[in-house]
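Only one structure is covered here, and it is reproduced in the block below.
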Amino acid sequence: MPTRGVVYVHSTPSAVCPHVEWAIGRVLRTPVRLEWTAQPMDPPALRAECTWSGRPGAGAELAAALKQWPMTRFEVTEEPSPGYDGERIMFVPSRGLFRAAISANGDITLTEDRLRSLMAAATGTEALAHGLDKLLGTAWDAELEPYRHAGDGAPMTWLTQVG
């Protein structure tokens, strides 16, 4: 049963744009042509976003393909599907990759064992708060937020996996 998600390329150099399209197309097994617009937060970088539909796990494959260009800021989401948790994957050049499970409404979910491990290791409330921030990807969100707002109202491309 197929799933769907969104790829947000928040900023990438113009020379990398064709490579991003080829990478997405390779994962989804269909030619991809994104509508690129200026990224005001990072001139002269460009931005694009697309919704996709494909097999479960394609979101992680998309993120792995996009990570090949470490100067690119991006997010990939995959909605939950029968037998599979949803995912949100963020990449920021200065921080690397962040990956978390998400619920049907897009909230990051934390498993019981991750919370128990954090509680056992935290030496106080400050350490607990810092640990929760790491588990929630707060630093990635803070770094990407200005790029997200700069893309409000930008065009979206719709993609469907072939096969």
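The values are calculated or read from the model by the stated rules, or taken from the named source; none is laboratory data. Everything numeric in this text was worked out from a predicted model, so none of it was measured. Note that we place each Cβ from the backbone using ideal geometry, even for glycine, and neighbour counts take in every protein chain shown. These accessible areas exclude ligands, DNA and RNA; they are computed on the full protein's heavy atoms, side chains included. Shrake-Rupley method; radii C 1.70, N 1.55, O 1.52, S 1.80 Å.
Miscellaneous remarks
- For segment 15-77, applying the loop criterion from DSSP together with a ceiling of 14 other beta carbons within 10 Å to the trypsin sites (Lys or Arg not before Pro) yields ARG29, ARG33.
- Global form of segment 1-89, assessed from the alpha-carbon gyration tensor, a/c cut-off 1.5: prolate
- The chain: relative contact order as a whole-number percent, Cα under 8 Å and 6+ apart: 29 percent
- Between THR3 and GLY54, ARG55, the built amide H atoms are under 5 Å apart, and every one of these is 5 or more places off in sequence or on another chain.
- Heavy-atom accessible area, probed at 1.4 angstrom with all protein chains present, ranks THR51, THR123 as THR123, THR51, highest first.
- Spatially, segment 65-94 and segment 1-41 are offset by 12 Å when compared through their Cα centroids.
- Among the listed values [x] 25, 18, 16; [y] 33, 23, 13; [z] 28, 20, 12, the one matching semi-axes √(5λ) of the Cα gyration tensor in Å as calculated from this structure is [z].
- DSSP-assigned coil residues among GluC sites (Glu not before Pro) in segment 111-146, each with at most 10 further Cβ atoms within 10 Å: none
- With both labels modelled 7 Å from their Cα along Cα-to-Cβ, the ASN105 to LEU132 distance reads 1.7 nm.
- Ranking of TRP52, TRP140 by solvent-accessible surface, largest first: TRP140, TRP52 (1.4 Å probe, protein heavy atoms only, all chains present).
- Solvent-accessible area, 1.4 Å probe, carbon plus sulfur percent, for the chain: 57 percent
- Fluctuation leader among VAL16, VAL92, VAL27 - the chain, Gaussian network, Cα springs under 10 angstrom: VAL16
- In terms of accessible area, using a 1.4 Å probe and ignoring ligands and nucleic acids, THR30, THR72 rank largest first as THR30, THR72.
- Three-way shape call for segment 62-103 based on the alpha-carbon gyration tensor, with the a/c threshold at 1.5: prolate
- Rolling a 1.4 angstrom probe over the protein heavy atoms with all chains in place gives the chain an accessible area of 53 Å² per residue.
- Net charge of the neighbourhood of PHE98, taken over other residues with C-beta under 13 Å away and scored Lys/Arg +1, Asp/Glu -1, is +1.
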